[in-house]
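The next block holds one structure in the form of structure tokens; read it before the comments.
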Amino acid sequence: MRIALFTPRPQRRGAELFSRELAGELRRRGHEALEVYLYPPPAQGGLPATGGEIRLAAGRSRLERFFGWDPRVARRLRRVLVEFRPEVIQASGGATVKYAALTAGPLPGPPLLVYRNIGEPDRWIRGWRRRWLYHRLVFPRVGAAVTVTRGHLPRLEQICANARSVRHIPRSIDVGGLAPVRPRAAVRATLDTPADAPVILFAGKLSPEKRVDRLLRAFGVAAARVPDAHLWIAGDGPLAGELSELADGLEVAGRVRFLGARDDVGDLLAASDLVALTSDTEGVPTILREAACAGRAVVATRVGGVEEAVADGETGLLTDRDDETALADALAALAGDADRRRRMGEAAARHFRESGLTIEAVVEAYLELYRQGLTRPETEAAG
């Protein structure tokens, strides 16, 4: 089977990392998988190039910002698809599914278009131009749809009503890739963090929806109650400078480490004690699954599919996203109680082992979806 995997850009984020893992496992099983990246890699945290990918490095033009798409990018993609002749095009996220829908139609076949939804479907379809584009031209061409968040399934079934199959397939976790390489003490020494300090880890893009500002303010309150607590912020993004200034203003800069983009999340998880996620919107965040795999308790806001990854009171603590007082209380409670953190981390690791979120099981679910989508119903074939 020939499968083209569209993802926004070659970067170390959940959708892109999963597409690379999926492509690798598909190739291992004898399928042809082509990774197609629309936009340039970030300044830091880019994925290394492989032999099985195409990088268009198309900038977000004025045409795309105004109309929602750029016909020049579509033409370049069409040339790629004509040469590769995919049977399946899988698009992760809204930025890629529009181009997949607008380029796949004229191809012979045409190929099965699979939309992999990550976040809340309605949150990014704003403005009449985008609504018209997606609901009139994009979603009607989707042949199969997947959501990583069980709670988003009913809405996805509505907006992809023409799809033959709409289902929930969770994100797999590369367990081997999370194995720490460096000792805990060595990582802490490198980051100028005391060996016995309780460390809270955030790992993700420093972008508005992640609300790291909320985390910093809550940590400022929690740090007054747990004076030896430290916060590591791993990631890069447009708000990096602003967040650093905020930390300085809160007088917690001495206990906050901005680590930039990292490719050693396994080391950071093993060297930290608690994972925090304070977003306004999410699917099922990869970092929460990784935290469970590493046996780390979590403090997170109750948004999107977070509750599918964290059992409140058992594997972590969840708070309403706008309740910074509750967030600070939760951070202080777990940062200051090593035994409670350990019990929650052990419960998280046990849940993860029982979940079956291996790449092998998840790829099999995708292959079943592809086969089902490529099988034309008898009534359609007869017509």
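Nothing in this text is a laboratory measurement; each read-out follows from the coordinates by a stated rule. Given the structure is predicted, the values throughout are model-derived calculations rather than measurements. Note that we place each Cβ from the backbone using ideal geometry, even for glycine, and neighbour counts take in every protein chain shown.
Working from label points 7 Å from Cα in the Cα-to-Cβ sense, the Glu83 to Met1 distance is 2.5 nm. Each of Leu178, Ile118, Ala328 was scored by the projection of its Cα onto the charge dipole of the chain, and the greatest displacement toward the positive side belongs to Ile118; charges sit on the C-beta of Lys, Arg, Asp and Glu. The order of Leu38, Leu327, going from fewest to most other C-beta atoms within 10 Å of their C-beta, is Leu38, Leu327. Please name whichever of Leu288, Leu250, Leu191 sits farthest to the positive end of the charge dipole of segment 176-355, dipole taken about the Cα centre and charges placed at Cβ: Lys and Arg +1, Asp and Glu -1. Projecting each Cα onto the dipole axis, the largest value belongs to Leu191. When the chain is treated as a GNM with alpha-carbon contacts under 10 Å, the residue of Ala335, Ala185, Ala203 showing the greatest mean-square fluctuation is Ala185.
Between Ser61 and Arg302, the distance separating the two model label sites (each 7 Å from Cα on the Cα→Cβ line) works out to 4.6 nm.
The charge dipole of segment 259-381, taken about its Cα centre with unit charges on the Cβ of Lys, Arg, Asp and Glu (plus for the first two, minus for the last two), comes to roughly 340 debye.
Our estimate of slack between Ile54 and Glu354, defined as 0.36 nm per intervening residue step minus the Cα-Cα distance, is 104.3 nm.
Rounded to the nearest 0.05, what FRET efficiency do Gln372 and Arg342 give with R0 = 51 Å and r taken as the Cβ-Cβ distance? Could you check?
Details: r = 44 Å, r/R0 = 0.86.
It comes to 0.70.
Placing +1 on each Lys and Arg Cβ and -1 on each Asp and Glu Cβ, with no other charges, gives segment 20-91 a dipole about its Cα centre of roughly 300 debye. For segment 266-383, the square roots of the Cα gyration tensor eigenvalues, ordered a ≥ b ≥ c, give a/c of at least 1.5 with a/b greater than b/c, which places it in the prolate category.
Springs between Cα atoms under 10 Å define the GNM used for the chain, and in it the highest mean-square fluctuation of Asp312, Asp339, Asp263 occurs at Asp339.
Label-to-label distance, Thr190 versus Glu364, with points set 7 angstrom from Cα along the beta-carbon direction: 3.7 nm. Each of Pro238, Ala223, Pro208 was placed along the dipole of segment 176-355 (beta-carbon charges, centred on the mean Cα), and the one lying farthest toward the positive end is Ala223.
DSSP finds beta bridges in the chain, and of those with both partners inside it, around 5 percent are antiparallel. For the chain, the Cβ-based charge dipole about the Cα centre amounts to some 1660 debye (Lys, Arg positive; Asp, Glu negative; other atoms uncharged).
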